[in-house]
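Okay, so here's the structure we're looking at.
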Amino acid sequence: MATPLVTADAPDTTTASATLDTGALTGAPITTRPGRWIDGWNPEDAGQWASVGRSIARRNLVLSIFAEFLGFAVWAVWSIVVPQLAGVGFVLSVDQTFWLIAVPSLVGATLRIPYTFAVPLFGGRNWTIISALLLLVPTIGLGVVVQNPSWGFPALLAVACMAGVGGGNFASSMANISFFYPEREKGRALGLNAAGGNLGTAAVQFAVPLVIVIGAGVSLERAGFMFVPLVVLAAILAWRYMDNLSNAKSDPRAYGVAARMRNTWILSFIYIGTFGSFIGFAGAFPTLLKGQFPDVTISIAFAGALVGSLARPLGGILADKLGGARVTIAAFAIMGTGVVCAIFALRAHSFGAFLASFLVLFTATGAGNGSVYRMIPAVFSFGVTDAADRARRIKAAAGAIGIAGAIGAFGGFLVPRGFAASTSLTGNIQAALWVIVGFYVVMGLTTWAVYQRRSGRFGSTVI
């Protein structure tokens, strides 16, 4: 038997390639090169997958989830820091506070497509190391800037922009894991990867309020410095145990093909409503609680992001059984109901009703995220005529997922900026919430008209 493929305790300093003979299981052999590069990877090869592929893919998935979890946490950390800034000496307007919440989402959304191309260019393991270490910039920056109130809003805004790199991690992590898994298991793996990353939002909103008050007073700089050892650990684990796949190639033309197709933009619009709402409301929720119910601890805000994250795989499962379009329409209906209930809870100044309304809203956004991602391949595979057409559609679907993921994240910018505009014009956020309800109605009707209406192009097909 040949030398085993890179194992969990294999060093990264090998000078010769290793080969794993999977012939006993009729699988093609895999070879490794220094730098933890793997040649000959083919997860669709049943023998290779059963003998060594599954264990390698699982190891890379676990470490990818950890790195992406930290990326989401850094991306969301300003959501929980902003309500605390007044307590350490910063004097900010309502508009400025919502800018600090919104800009990480704007930058993160913008970075998502270039981050996708980074995996084939640098290698999945190498880019995980780089992207993890990049998180040190916004975290150390946060720890420094919050100790200097005299620097004011511009310094805060600059560091908040840097936190956007955490949002880009989602795209590269998803792209990397997609190369490791066969098509029949890709949905589950990507669902776990996405849910694990989304949980970073809930974790940071739960942990930061506890960490910053350890001891006497409020040490807000810990909200940044607490990440440093975790980020370093993620980079070390990626360096030590993750792998690069030499055949992981991304075709930029897939984005060109997808961009020319009408469904890409319809699905991207719909995804703004689901994922954009999740990241937008998650970012603004602690500030909303602080402003509307100042006597309530803002650490409870983590519950919204938590239920939304846990509901994402559930939405995918329901979409597999009932159809993505049906689940998405139901999600918009529930989201709209949740927002309307939140409006009336604000008018009654009822914290319990407000929290319950938002938990329903977050649950529906998470389920909607999962169902929309299930819709994309179903939409693009509809009406396939031959093998060549199938290959073109698969390429277009991959591009559409990347585009939709990037555009959907812009909702994280639009929601808090909508709250800022509403507060400036009317004195409260209720006008913005009514506008959001209107968008949910339009998005739900769009989903029905294009993908569910029996007289439409897709007819009775379950999308």
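The values are calculated or read from the model by the stated rules, or taken from the named source; none is laboratory data. The model shown is predicted, which means the values in this text are computed figures rather than measured ones. Counting neighbours? That spans all protein chains shown, and the Cβs are built from the backbone with ideal geometry, glycine included. Just so you know, the surface numbers come from the protein's heavy atoms only, side chains and all, with ligands and any DNA or RNA stripped out. Shrake-Rupley method; radii C 1.70, N 1.55, O 1.52, S 1.80 Å.
Below, the figures for the structure above:
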{"item": "Estimated 222 nm signal from helices in the chain, with DSSP H stretches of n ≥ 4 weighted -39500 (n - 2.57), rounded to 500", "result": "-23500 deg cm²/dmol"}
{"item": "Residue-count net charge about VAL146 - beta-carbon cut-off 15 Å; Lys, Arg +1, Asp, Glu -1", "result": "0"}
{"item": "Share of pairwise Cα separations in the stretch 74-178, more than 21 Å, in percent", "result": "37"}
{"item": "Descending Cα extents along the principal axes, the chain, whole Å", "result": "70, 60, 33"}
{"item": "Mean Cβ neighbour count within 10 Å, used as a protection proxy, ranking 229-239, 406-416, 289-299 highest first", "result": "406-416, 229-239, 289-299"}
{"item": "Listed peptides 50-61, 95-106 by packing density, highest first (mean Cβ within 10 Å)", "result": "95-106, 50-61"}
{"item": "Amide H within-cut-off set for ASN244, under 5 Å, with H built and near neighbours excluded", "result": "TRP37, ILE38, ARG125"}
{"item": "Tail fraction, Cα-Cα pairs, the stretch 187-345, threshold 24 Å, whole percent", "result": "53"}
{"item": "Residue-span extension gain [GLN147 to THR461] - 0.36 nm each, minus C-alpha spacing", "result": "107.3 nm"}
{"item": "Net charge of neighbours whose Cβ lies under 13 Å from the Cβ of VAL103, counting Lys and Arg as +1 and Asp and Glu as -1", "result": "0"}
{"item": "Distance in nm between pseudo-label sites at VAL435 and ALA348 (7 Å out along the Cβ direction from Cα)", "result": "2.7"}
{"item": "Linear extension gain, VAL442 paired with ASN428, 0.36 nm per residue minus alpha-carbon span", "result": "2.7 nm"}
{"item": "Residue-wise HN-Hα coupling along the stretch 60-71, computed from phi with Karplus coefficients 6.51, -1.76, 1.60 (Hz; x: Gly, Pro)", "result": "5, 5, 4, 6, 5, 4, 4, 5, 5, 4, 5, x"}
{"item": "Total charge dipole magnitude, the chain, about the Cα centre, Cβ charges on Lys, Arg, Asp, Glu only, Debye to nearest 20", "result": "1020"}
{"item": "From phi via Karplus (6.51, -1.76, 1.60), per-residue ³J(HN,Hα) for the stretch 273-281 in Hz, x at Gly/Pro", "result": "x, 8, 5, x, 5, 4, 6, x, 5"}
{"item": "Amide H contacts under 5 Å for ILE30, placed H, 5+ residues apart", "result": "LEU20, THR22"}
{"item": "Rounded tilt (10° steps) of 227-241 against the dominant C-alpha axis of the chain", "result": "10"}
{"item": "Length released on extending from ARG58 to ILE394, taking residue separation times 0.36 nm less the Cα-Cα span", "result": "118.6 nm"}
{"item": "Peptides 84-91, 120-127, 328-335, 366-373 ordered by average Cβ neighbours within 10 Å, highest first", "result": "366-373, 328-335, 120-127, 84-91"}
{"item": "Residue among SER250, PRO229, TRP239 farthest towards the positive dipole end of the stretch 220-314, charges placed on Cβ", "result": "SER250"}
{"item": "Of every Cα-Cα pair in the stretch 333-463, the percent that sits beyond 27 Å", "result": "34"}
{"item": "Nearest 10 degrees, 0 to 90: helix 152-162 Cα axis against the chain principal axis", "result": "20"}
{"item": "Reachable lysines, given that their alpha-carbon falls under 17 Å from the alpha-carbon of LYS249 and they are not under 8 places away in the same chain", "result": "LYS186, LYS395"}
{"item": "Under the Karplus curve 6.51 cos²θ - 1.76 cosθ + 1.60, θ = phi - 60°, whole-Hz ³J(HN,Hα) for the stretch 172-189, x wherever Gly or Pro sits", "result": "5, 5, 5, 4, 5, 5, 4, 6, 7, 10, x, 4, 5, 10, 5, x, 5, 5"}
{"item": "Probe 1.4 Å - accessible area at GLU185, Å² to nearest ten", "result": "50"}
{"item": "Nonlocal amide H pairs with GLY456, under 5 Å, H built at 1.01 Å", "result": "none"}
{"item": "Rounded tilt (10° steps) of 430-447 against the dominant C-alpha axis of the chain", "result": "30"}
